[in-house]
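A short write-up of the structure that comes next.
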């Protein structure tokens, strides 16, 4: 596609809805500013009701923002109706036209654009080839499996060569295995076409697998934006840390700073971890520890007591109490390791570098 | 928080769509002019008399003993008919859903539910008189009773119950099917007898639905004009009193005030039904049946119930069959043989039958597609789009459901005979075929809209959004996506509108001018005069036309209805 790639920019976007029960207005999206680079794959991730779908629907044009302006490339698009916007959406329910076959579904957008018949045929076939549905063009959509229907929906969106591709939780109606296959497919196709894609999901592993950048939303505002690694290793707050992967929170008072290390008092024991900027002795800090970053041993680390020990196949799942704090951890490849039983006292060991200070 | 920008943008996006804007404006004009305005003018006319604004006219009509009696009569009949129809309907629905029936009885049920749809509203009154009246086939010739009178209170009650109970039966059948059988099985499992299960589980769940059926019938009954007209005798109801006030006493202001009273009663009932009972019915019966119900095979339950219902159904069918047979007797009440076709001959030779059928047929044929398309557009706007006037459009088109035909008829007379607000503007409309077509459209619009709305609600909103997103404007979305998806609903709306129009009488009888001969009006006239054979002949041909239309629709749907294929998914 020779088309110039376009990014999307949201400037101070807000959307206000009325609560149907109380009749009160509330911000579904509040003062959100985002820049999505041309050609990048960005995921809007968050729990239900966080405003991610509303944001996507504002970009598509189905909802109108109450504050702010949306730009496609450099062009403000607030006043454009969805049919005039250079975006194409893949819907959660696929939303294929049930009275058309696969070919006509994919060709629909091209017909509306009055593309000549021969060209329609050529472009549809090429796209169907890309989504690996060649030979299916005569089928009715209800004769297709969920995964195939989603490929048709994707093909239909791609064939009109939009500037931006929008995904509204497209895989949530598929079973777990197919979800994994399809997300690799979506990533492959997006990379092949090089299109800007905005993807809404509540599934963090989907977000991780797909995205160049993840935007985490909570209660209508952006909580954090960054690469998957940044968000996983350096969450800005407890919400992000807890939402992406599993997280343990250890709280401790900063005793002193020495040679770039912070020495904290955690549940009565001293713990030395690499310090971050602007730390002040005497203040309370929260430490994030990922379950896979720690293991149990007979010495070193923090004293703890096992309250749950459970074999999960690829790992042994432990719950331990460090003082009054519950810590969950996963000991991978447990076959040849010593298994701690419930009630045993032992030590919780982890590398100081794997701890992130909020 | 200011939602101004969002609203302004929504408005701008709407304005960018001229076809949509035009459609909305045209719709609002139509609804205002032909539903709201005639009702408004009734209010105005009944408050503004010769002596200026005041309650003078109301005082006058409430001083008329026959009017106050008519109110009492109407409410009493509505109440009794409502209860009887709901009960009979419940019995039929229960037997159909819960009892294993043989094919023959099932067929009888189907015919019974179908008959009131395809027949003109007053057919049962005709056959009631012919079977049980003074010269009735059953009363005089089988039982030798010479002075049986079917005219009056009981006549109306029986005829209306037989006419309206199939509606209750269909409504309750739908609800019963939605009751999850495991609820009842759980009660059985805990030791309840079948009767206790019915009383403790089924009936309480169904109660709002029964209330709903009762009110719907109640509204139908008090709005009914044709049956009380034919079989009421001197027992007047509101609808007939209003009619006589305008055609007999030429008291248009009085009739307007009476119409307002009738309208208030139906509106009140409608409001209760719509906002109270409908919501409750939906709330208690949301669950889908998780699996098939174990049908009752127990002979002590099955045989009496089936036999009773089968006899009832057979009786209703017999009543309907009586009409074509009646048209074939040489002289009703005196000479039954040999059967003759002379009445049909007379219909066409002496009584302008051909013109009557042509007029009725043509007017209905024009009204039907207009109604069907209009109701689909309204449903689309109401279900799929958001804009400011949406509430208005939905409310007014539903309001038409609560307006009795007689009221609408009086409203049109008052509203259009002297032009809009008696100014002479649009005066040319009155007395034309166009106004008859408009009345047909308005009378059938609510049914069509209702079926359109429920069909559209089943379609995932994102299907249309996806088409919109692909670049189609509203008009394209409607034509290429919405309409094909609700083809079945559109077709059935088309036929329903046609059937309702060609069998309509209550509003039309007030508005029709001598240049148009309408079948229903003819039937009414001959029945009034006592020429039952002629009335039957007209009615028979009418039933054949309507039944033909329904058959045609079913055939059409079988071969061209794509929606079914999609639903099978």
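All of the numbers you see were taken from the coordinates with simple rules; none came from a lab. Since the structure is predicted, the reported quantities are computational estimates derived from the model, not experimental observations. Reconstructed Cβ throughout: ideal geometry from the backbone, glycine too, with neighbour counts over all protein chains shown.
Between residue B:154 and residue B:358, the modelled label-to-label distance comes to 4.6 nm, taking each label 7 Å out from Cα in the direction of the beta carbon. Taking every alpha-carbon pair within the protein assembly as shown, the share separated by more than 44 Å comes to 50 percent. With the convex hull drawn over the C-alpha atoms of region B:179-259, the volume per residue is 122 Å³. Centre-to-centre, using Cα atoms only, region A:83-127 and region A:173-232 are separated by 24 Å.
Counted by neighbouring Cβ atoms within 10 Å, the residues B:154, B:195 run from fewest to most as B:195, B:154. Springs join every pair of Cα atoms under 10 Å in this Gaussian network model of chain A, and among A:122, A:132, A:79 the largest mean-square fluctuation is at A:122. Enter the angle in degrees (range 0 to 90, nearest 10) between the Cα long axis of helix A:102-112 and the first principal axis of the Cα atoms of chain A, meaning the one along which they spread out most. So the helix axis and the longest Cα principal axis differ by about 70 degrees. Compactness of region B:120-189 is given as radius of gyration and Dmax, 19.4, 57 Å, from Cα positions. Gyration tensor over the Cα atoms of region A:164-259: the corresponding equivalent ellipsoid has semi-axes (square roots of 5 times the eigenvalues, largest first) of 31, 15, 13 Å.
With the simple model of a label 7 Å out from the Cα in the direction of the Cβ, residue B:110 to residue A:297 spans 8.0 nm.
Neighbour counts of other Cβ atoms within 10 Å put B:96, A:37 in the fewest-to-most order A:37, B:96.
Relative to the longest principal axis of the Cα atoms of chain A, helix A:117-130 runs at roughly 20 degrees. When you count the other C-beta atoms within 10 angstrom of each residue and take the mean per peptide, B:449-460, A:17-28, B:218-229, B:419-430 line up highest first as B:218-229, B:449-460, B:419-430, A:17-28. Between residue B:297 and residue A:332, the C-beta separation translates, for a Förster distance of 60 Å, into a calculated FRET efficiency of about 0.50.
Residue-normalised convex hull volume from the C-alpha trace of region A:256-325: 112 Å³ per residue. The equivalent ellipsoid of region B:55-326 has semi-axes of 37, 26, 13 Å, largest first, where each one is the square root of 5 times an eigenvalue of the Cα gyration tensor.
For region B:1-152, pairs of C-alpha atoms spaced more than 19 angstrom apart make up 80 percent of the total.
Working note: Cα gyration tensor of chain A, eigenvalues times five, square-rooted, sorted largest first, giving semi-axes of 46, 25, 17 Å. From most to least packed by mean Cβ count within 10 Å, the peptides B:61-68, A:231-238, A:94-101, B:180-187 give A:94-101, A:231-238, B:180-187, B:61-68. Over region A:1-115, the pair-distance histogram of Cα-Cα distances with 10 Å bins from zero comes to 12, 37, 33, 16, 2, 0 percent, rounded to whole numbers. Using only the C-alpha atoms, the convex hull of chain B corresponds to 194 Å³ per residue.
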